[in-house]
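Peer 1: Take a look at the following structure, please.
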Amino acid sequence: MFRNRLTGLWRNPDFVRLWLAQGISDFGSYISHLALPLTAAVLLHATPMQMGVLSAIEVLPFALFSLHAGVLIDRVRRMPLMLLRDLVCGLALLVVPLAAWGGWLTMPVLWVVGFICMSGEVVGGSAHQSYVAGLIGKDRLVEAHSKFMATSSTAQVTAPGLAGLLIQWFSAPLAILFNATSFIVSALILRTIRATEPAPEPRAADVSAWSEIKAGLRLVWDMPLLRAFAIQTSLWQLLNYMLAAVLVLFANRELGLDAGQLGVGYMLGGLGSLAAALSAETIGRRLGIGPAIGWGFVATALAWIGFSLIPTAGGLAMLWFSLCQGLFAFGATQFSINYLAARAAVTPDALLGRMIATMRFLTVAPAPLGALAGGALASGLGLRAALYVIGGLGALLAWHALKRSPARLLMTLPKRTVVES
């Protein structure tokens, strides 16, 4: 009776299991999103440069492993890779509370844990995106990504507040223990999916991994839409990780926000992501896919500028910080939903894994440089001055995405077609 009232993908029990597993791991990840940098900033008294190194190392695996991960994903079934990701990340994160309790927690320990977790994400995250397309079909990708983003946004609303309370009551390393547990639970749920994943298409024995990597690179370069996405998203990630190296230190040390206030700020900011997830399909239809992506860039740029203008005096800092977080989350989610759906829709199934891994390589590989640049900029100019620079560069990028990029011409979700510039 109840199932008859469900619509769309909610009527697909395997999709619901996949959605639930992803939602649980998202919830834990958003706790660590606040707890890990606060462990470095408060417990280990990290410098801006050490925070930059932490952010850089966390995304370095994208530069090192993404291309080979794409070849692997297209050669084997995706579900085992997703399970491996959950188990590796869960066990690695357990090291942080154990090290804190044992008295041997240092910045290098956080660096190693971050590197291992993101290495698992490079393979498992790409496998997840490929698996979704095969499970539900490409014509339902916007609906699927909207549901994933809505759940992620809900986690973003609730998890940081819980993280702030856990850190206030106990410690940041204990909060990270929740994330480790969430990955284990996610793996157990994934094991209950009943759909049989088809075997990948057989490949000739003499086809080398490098030739397949070149096929993925060639696919992205030869398609103007994918090429435009790769360029503008890589620049956005560069700036975003510059911000990641600076923002928590700025909020904690210059604005005076403690763990609980930061948690509330991130929690209220998460409402922006939830609003974008719930409205992405409507906005994409009314504005067009490309313009919706462009306006997402505009919203994130305005948020970055807003962070740099938060006053240190008075009681408005937490409210202002929350509003900027909400604007940033709205823009980033609006961009992501339409971007992920569009790039998958134009890609042949046999190349889907390599396309995703290639795009992740091209778009996230610059992130370590951005994180190091953010740390160096904050060390040389100060935390607030670094935010001024990031906001200004973000505004230039948003203008290009909205007015000059060939992706702006994409109005509907393509089916094996590419918009030319």
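Peer 1: Search region 370-382 for residues being crowded, with 22+ Cβ neighbours inside 10 Å and among the hydrophobic types (A, V, I, L, M, F, W, C), and hand back the single one that is farthest from Glu212 (Cα to Cα). Reasoning before the result, please.
Peer 2: Step one: filter region 370-382 for residues crowded, with 22+ Cβ neighbours inside 10 Å, giving 370-371, 374-375, 377-378.
Among the residues that remain, those that are also among the hydrophobic types (A, V, I, L, M, F, W, C) are: 371, 377-378.
On the way: Ala371: 30, Leu377: 38, Ala378: 40 Å.
That would be Ala378.
Peer 1: Ok, one more. Tell me whether region 106-113 contains one or more residues that are modelled with pLDDT under 90 and buried (at least 18 other Cβ atoms within 10 Å of the Cβ). Spell out the reasoning first.
Peer 2: Pass one, region 106-113, residues modelled with pLDDT under 90: none.
No.
Peer 1: Then there's this: If you scan region 352-375, which residues turn out to be over 30 Å from Leu135 (Cα atoms), outside any helix (DSSP H, G or I) and among the aliphatic types (A, V, I, L, M)? It would help to see each step written out before you state the result.
Peer 2: Of region 352-375, the ones over 30 Å from Leu135 (Cα atoms) are 366-375.
Next, from what is left, pick out any that are outside any helix (DSSP H, G or I): 366.
Scanning region 352-375 gives no hits.
Peer 1: Right, something else. Looking at (1) in contact with a helix residue (DSSP H, G or I) (Cβ under 8 Å, 6 or more places away or on another chain); (2) assigned to a helix (DSSP H, G or I); (3) open to solvent by 10 Å² or more (accessible area, probe 1.4 Å), can you tell me which one Thr312 breaks?
Peer 2: Just one mismatch for Thr312, condition (2).
Peer 1: To continue, here is another question. Cβ-Cβ under 7 Å, sequence separation 6+ or interchain: first residue in region 347-361 and without any contact (Cβ under 8 Å) to a residue 12 or more places away in the chain, partner part of a helix (DSSP H, G or I). Which pairs?
Peer 2: Pairs that qualify, where the first residue is without any contact (Cβ under 8 Å) to a residue 12 or more places away in the chain and the partner is part of a helix (DSSP H, G or I): there are none.
Peer 1: Looking for something at pLDDT below 85 and either in a helix (DSSP H, G or I) or crowded, with 18+ Cβ neighbours inside 10 Å (or both) - is there at least one such residue anywhere in region 385-404? Full working, then the answer.
Peer 2: Going through region 385-404, the residues at pLDDT below 85 turn out to be 401-402, 404.
Within this subset, residues satisfying the condition of being either in a helix (DSSP H, G or I) or crowded, with 18+ Cβ neighbours inside 10 Å (or both) are 401-402.
Taking every residue of region 385-404 in turn, at least one turns out to be at pLDDT below 85 and either in a helix (DSSP H, G or I) or crowded, with 18+ Cβ neighbours inside 10 Å (or both).
Peer 1: Looking at (1) at pLDDT 75 or above; (2) farther than 12 Å from Gln22 by Cα; (3) not aliphatic (A, V, I, L, M), can you tell me which one Gly124 breaks?
Peer 2: (2)
Peer 1: Among Glu121, Glu143, which is the only one that is open to solvent by 30 Å² or more (accessible area, probe 1.4 Å), under 21 Å from Ala345 (Cα atoms) and in contact (Cβ under 8 Å) with a residue 40 or more places away in the chain? Give the steps one after another, and end with the answer.
Peer 2: Values: Glu121 fails: under 21 Å from Ala345 (Cα atoms).
The unique qualifying residue is Glu143.
Peer 1: Moving on to the next point. Search region 206-220 for residues that are at pLDDT 80 or above and pair each with any residue that is open to solvent by less than 50 Å² (accessible area, probe 1.4 Å) when their beta-carbon atoms are under 6 Å apart and the residues are at least 6 apart or on different chains.
Peer 2: As it stands, the answer is Leu217/Thr358; Leu219/Leu351; Leu219/Met355; Val220/Leu226; Val220/Ala230; Val220/Thr358, since those pairs meet every condition given.
Peer 1: Another question, then. Going by the conditions given, is Arg343 farther than 25 Å from Leu396 by Cα and either in a helix (DSSP H, G or I) or not β-branched (Val, Ile, Thr) (or both)?
Peer 2: No, not satisfied.
Peer 1: Ok, one more. Mind checking which pairs have a first residue in region 369-393 that is of a type in the set (S, T, N, Q) and a second that is part of a helix (DSSP H, G or I) and open to solvent by 20 Å² or more (accessible area, probe 1.4 Å), Cβ under 7 Å, 6 or more apart or different chains?
Peer 2: Ser379/Pro48; Ser379/Met49
Peer 1: Within region 175-191, can you find the residues that are touching a Leu at 6+ places or on another chain (Cβ under 6 Å) and farther than 14 Å from Leu20 by Cβ?
Peer 2: Ala175, Ile176, Asn179, Ala180
Peer 1: Moving on to the next point. For residues that are crowded, with 20+ Cβ neighbours inside 10 Å and modelled with pLDDT of 85 or more, scanning just region 285-294, find the one that is nearest to Leu397 (Cα to Cα). Spell out how you get there, then give the answer.
Peer 2: Initial filter on region 285-294 (crowded, with 20+ Cβ neighbours inside 10 Å): 289-294.
Remaining after also requiring modelled with pLDDT of 85 or more: 291-294.
On the way: Pro291: 14, Ala292: 15, Ile293: 12, Gly294: 10 Å.
Among them, the one singled out is Gly294.
Peer 1: Go through Ala280, Ala367, Ala345 for me and flag whichever is small (Gly, Ala, Ser) and surrounded by fewer than 24 Cβ atoms within 10 Å (Cβ to Cβ). Spell out how you get there, then give the answer.
Peer 2: Values: Ala280 fails: surrounded by fewer than 24 Cβ atoms within 10 Å (Cβ to Cβ); Ala367 fails: surrounded by fewer than 24 Cβ atoms within 10 Å (Cβ to Cβ).
Unique residue meeting the criteria: Ala345.
Peer 1: Using the structure shown, decide if Leu93 is touching a residue at least 24 places away in the same chain (Cβ under 8 Å) and of a type in the set (A, V, I, L, M). Steps first, please.
Peer 2: Details: touching a residue at least 24 places away in the same chain (Cβ under 8 Å): yes; of a type in the set (A, V, I, L, M): yes.
Against the criterion (touching a residue at least 24 places away in the same chain (Cβ under 8 Å) and of a type in the set (A, V, I, L, M)), Leu93 qualifies.
Residue by residue, here is whether (1) touching a Phe, Trp or Tyr at 6+ places or on another chain (Cβ under 7 Å); (2) crowded, with 24+ Cβ neighbours inside 10 Å; (3) among the acidic types (Asp, Glu); (4) modelled with pLDDT of 85 or more holds:
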position: Arg227; (1), (2), (3), (4): yes, no, no, yes
position: Ile231; (1), (2), (3), (4): no, no, no, yes
position: Leu235; (1), (2), (3), (4): no, no, no, yes
position: Met242; (1), (2), (3), (4): no, yes, no, yes
position: Val246; (1), (2), (3), (4): no, yes, no, yes
position: Leu262; (1), (2), (3), (4): no, yes, no, no
position: Leu268; (1), (2), (3), (4): no, no, no, no
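The values are calculated or read from the model by the stated rules, or taken from the named source; none is laboratory data. A quick note: this is a predicted structure, and the numbers were derived from the prediction, not measured. Cβ sites come from the backbone with ideal geometry, for glycine too, and all protein chains shown count toward neighbours. Only protein heavy atoms, including side chains, enter the accessible area calculation; ligands, DNA and RNA are left aside. Shrake-Rupley method; radii C 1.70, N 1.55, O 1.52, S 1.80 Å.
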